Amino acid sequence: MISTAIRLARVGSRSELAAALLMGLGYPCVMLAALIPHIWFFAAATAVTYATDWYLHQKGSYLVNRLGKVRAGLSIRFLLRQLMVILLLARLDLAESPLFYSAVACFLVFYGLQAPHGALTTLIRLRRTMPVVTRNVDLHAVRIPDAPPGALLRRSAEKMLHLDIPAVVGILIAAGTGENIIGYVGIGLTLLLALLYLGLLFPYMRRGRLAPPAPAVLKAVDSWLRDYQPSVVLYFSGSNESAYQGNMWLDTMARVEGRPLIIMRERALVPQLAETSVPVLCVPAGTHLMNLDLSTVRVCLYPANVGKNIHILRVPTMKHVFIGHGDSDKLASVNPYSKVYDEVWTAGRAGRDRYALADVGVLDQDIVEVGRPQLEPIRSWTGAVKNPVPTVLYAPTWEGWDDNPGNTSLLLAGENIVRRLLNAADPVRIIYKPHPFTGIRSGKAKAVNARIRAMLEKAAAERAADPRWAKEASSAAAGQSAAKAELVRIEARLAQLSAPGRSGGDEAEESRISLADPAREAEAARLRAEWNDAYWRSFGWWEHRTVTGAQPKLYDCFNEADAMVSDISSVVSDFIASGKPYAVTDSAALGAEEFKRQNTAVRAAVILSNGAEELDALLAAVADPAADTLADARRELKTYLLGPDEPTSMEQFNAAVRALAAKAEARNLGVAQRLGDRSVAVPDEEAVTSGVGSGDPQAVAEADAAADPDAPEAESVEARTALAEGSSPLR
């Protein structure tokens, strides 16, 4: 019932629900106290509305946003409270007193100051916004001044409105005691603080405090691009929840041959990007992106099929590759959109066969098997359980964009899986890691996720109170406390390393200071490894755990687990790299044989029905290698899905980049020669492999027109320029 109320109220926790209820009751109580009238009842109810409103804003509650949509936003709530103060004074027969008129005048002037305050904060933010956000890009060619203090702009409207507190408190005390001077002091203090706030904002409107104009910034970026000469680009765009799709490729991009660059499109994703030494350019506007000098780029890699890909797909001087954000038997892995790319890179032979079976227009010769470089951190199974109690990871995927029952096990089987693991004959430790998208579309999925987390919390509490685990808990207590203290220390240091600038700096300032620092990056990498080790030591090997957020990573959970239960997704394909037993749920009830026929990754899995009765076979395989009848099948499937162990995935990936860069150079040379540009020299081998060198399309077209003045209209300078720039179809 409480979970239903939380969902209906659009809040995230019980404490937020309580705050929302108190705020909802507080305003009627304020009005009632004003009508009675009762000053101290009024003061208490007013304090409750202030406190609950502040708390919900602190928590970032979705309810606050929804109130604004129904004309009950922050400004309206403050205005309503102030009107109730005026009503209270009138009901106390103070309507003819100087205090009454002073209060009315104060609130009118105070609200009059909201407009210039809002205008100033909006203008400062807009004029501090650059056309790009960068990391590891030296923009010394333009001067980017320090940002205003975060205290001035962060939640500025809320701060300005709360300056009415001295006036409200002073007026209430004056009305209750008859000491009007206290009310006048409160009124004066409110207006003084509001004027002071405006005064602090004005200096940041000066030209020297604003970000450079867009043309100057874009010119500096182009200058940097000409100096850096990127050859390989990871192009990433997506929703706020999709940052993981780009993050999974960061380590690979740091090790790729050539000069890598990451191009992003959404500002909100930049703060979610993990630490990387690779230069990052976030270019939100399509026109700005299409005008960047990317002439040296020869290979562009795409981890997601999104609409904004078209802004760079149109460039023919580079080759375009779909690399995806996972390898699975889902329909998304054989999207017909993939045929717009020059090549599609898959992990192993299974990806190639998947496209052949789907027949969506991707040609076999355009598919390249490169392995999965991201899987190197996954440790191979030794055949023995890591801890005295086996650990099973439950990592369901999300519900998808439709209601296909085969999308996720969470809805039909999730609670059964967890319940059976909790009630297993021999004790099992559960690690539950839901997909980051869980619940964004389906309220049912969100509710099931909440129930599973509650089940694990309850089971963990019961296990902690069970005498069977008392000895282990007692002996491990000191080590766990030390690990928790270590986590605090590491997190504090990582926070310092991840924020080298001033507290409150905006994205413009961060673009100036976020330059690569090998020493800082090495320390951060070491600390993250130490954090991961301390995290697993901070609680007992028998304790159930729900893991969310960026840390620990999914692959860290793989290494901690002895087996996994999941769905048809790239999680299964990646887990196969460990060689450990795994189970996959046939949520659509296809039947085991048909399920295996349709989904390659489950051919070496224990197939679960929605009732999860088959989990005993998985637990038996973990406990006794002799009962693990699918071990050989897993080894064969690993090679089929993920490719051979030698050469390494990174070596395969770099070889594919080199080969495609050479194709791009050959294409560019061929086009230039066909268009009659005799000045274009044959590139040497180093230029081919590094991806440098191409002719200017306009110059190529004009040279060809001069060489053949009698060319027909279709062969005009404009048409040739369009061909060279990529207005013609890609394939």
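Quick look at the numbers
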{"read-out": "Theoretical gain in end-to-end length, Asn65 to Trp541 [0.36 nm per residue, Cα-Cα removed]", "value": "167.2 nm"}
{"read-out": "Ranked by how many other beta carbons lie within 10 Å on average, peptides 206-215, 300-309 from highest", "value": "300-309, 206-215"}
{"read-out": "The chain, helix-only ellipticity at 222 nm - DSSP H runs n ≥ 4, -39,500 (n - 2.57), divided by all residues, nearest 500", "value": "-16000 deg cm²/dmol"}
{"read-out": "Mean Cα-pair separation over length for the chain, i.e. relative contact order, pairs under 8 Å, 6 or more apart, %", "value": "14 percent"}
{"read-out": "Stretchable slack from Asp616 to Arg154, in nm (0.36 nm times residue separation minus alpha-carbon distance)", "value": "161.0 nm"}
{"read-out": "Distance between the range 356-417 and the range 648-675 - C-alpha centres, whole angstrom", "value": "32 Å"}
{"read-out": "Förster radius 35 Å - calculated FRET efficiency between Asp359 and Thr648, Cβ distance, rounded to 0.05", "value": "0.65"}
{"read-out": "Computed FRET value (nearest 0.05) for Arg314 with His162, which takes r as the C-beta separation and R₀ as 51 Å", "value": "0.55"}
{"read-out": "Two-site FRET efficiency, Val104 against Trp40, from Cβ-Cβ distance with R₀ of 25 Å, rounded to 0.05", "value": "0.65"}
{"read-out": "Length gained when the stretch Glu462-Ala522 is fully extended (0.36 nm per residue, less Cα-Cα span)", "value": "17.4 nm"}
{"read-out": "Vicinal HN-Hα couplings computed from phi for the range 284-294 (Karplus, 6.51 cos²θ - 1.76 cosθ + 1.60; Hz; Gly/Pro x)", "value": "x, 7, x, 5, 5, 4, 5, 9, 5, 7, 10"}
{"read-out": "Expected-Rg normalisation [2.2 N^0.38 Å, Cα atoms] applied to the range 214-373", "value": "1.03"}
{"read-out": "In the range 45-100, the trypsin sites (Lys or Arg not before Pro) that fall in loop regions by DSSP, at most 14 other Cβ within 10 Å", "value": "Arg71"}
{"read-out": "Inter-probe distance in nm under a simple model that places probes 7 Å from Cα toward Cβ, at Met290 and Ser498", "value": "3.6 nm"}
{"read-out": "Cβ crowding within 10 Å averaged over residues, with 122-129, 473-480 ranked highest first", "value": "122-129, 473-480"}
{"read-out": "Residue-by-residue Karplus 3J(HN,Hα) for the range 396-413, coefficients 6.51, -1.76, 1.60, Hz, glycine and proline x", "value": "x, 7, 8, 7, x, 8, 10, 9, 4, x, x, 5, 9, 7, 4, 5, 9, 10"}
{"read-out": "Per DSSP, loop chymotrypsin sites (Phe, Trp or Tyr not before Pro) in the range 165-266 with at most 14 further Cβ within 10 Å", "value": "none"}
{"read-out": "Amide proton proximity set for Ala583, modelled H, under 5 Å, gap of 5+", "value": "Met564, Val565, Ser566, Val606"}
{"read-out": "Charge sum, other residues only, whose C-beta stays under 14 Å from Glu636's C-beta, Lys/Arg counted +1 and Asp/Glu -1", "value": "+4"}
{"read-out": "Tail weight of P(r) past 44 Å, computed on alpha-carbon pairs of the chain, percent", "value": "40 percent"}
{"read-out": "Which listed pairs, of Lys446/Lys471; Lys308/Lys596; Lys219/Lys319; Lys458/Lys484; Lys69/Lys446, have C-alpha distances above 27 Å, in listed order", "value": "Lys446/Lys471; Lys308/Lys596"}
{"read-out": "Cα centroid of the range 529-569 to Cα centroid of the range 271-307, whole Å", "value": "32 Å"}
{"read-out": "DSSP-loop trypsin sites (Lys or Arg not before Pro) across the range 502-540, with at most 13 other Cβ within 10 angstrom", "value": "Arg502"}
{"read-out": "Mean Kyte hydropathy of 1.0 or more with a Cα span along the axis of at least 30 Å, helices from DSSP in the chain", "value": "14-35, 180-201"}
{"read-out": "Residues in the range 162-197 reached by a label modelled at Ala95 [backbone nitrogen below 20 Å; 7 Å Cα→Cβ]", "value": "172, 175-176"}
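A short reminder: the numbers here are calculations on the coordinates, not readings from a lab. All values reported here derive from a predicted model rather than from experimental measurement. Positions of Cβ are generated from backbone atoms using ideal geometry, with glycine treated the same way; all protein chains shown enter the neighbour counts.
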